[in-house]
Amino acid sequence: MAKNSFPGFKTGGGILKKLAIALVVVAIIVMVIKSPGESAGVVNDARDGGEGVVDSLITFFRSLRNG
């Protein structure tokens, strides 16, 4: 029996799951090749949104601690 290279993660999956992942990867590659500027904008927007969420959580927990 083969060992799982990532403990806790199933490496198997159905053909439909693998096909969906492959389609997403191909779509990302096509998006980057056709419009790299817009792709960079999407990544920057996602990063900024993530930073906003982290800042909000930090503020929330600090408020809980301070009462």
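Each of ILE15 and ILE33 was given a label point 7 Å from its Cα along the Cα-to-Cβ line. The distance between the two points is 2.5 nm. Here the gap between ARG65 and ALA40, fully extended at 0.36 nm per residue and compared with their Cα-Cα distance, gives a gain of 5.2 nm.
Every read-out reported here was derived from the displayed coordinates using simple, explicitly stated rules and does not represent laboratory data. A quick note: this is a predicted structure, and the numbers were derived from the prediction, not measured. Every residue, glycine as well, gets a Cβ built from its backbone with ideal geometry; the counts of neighbours run over all protein chains shown.
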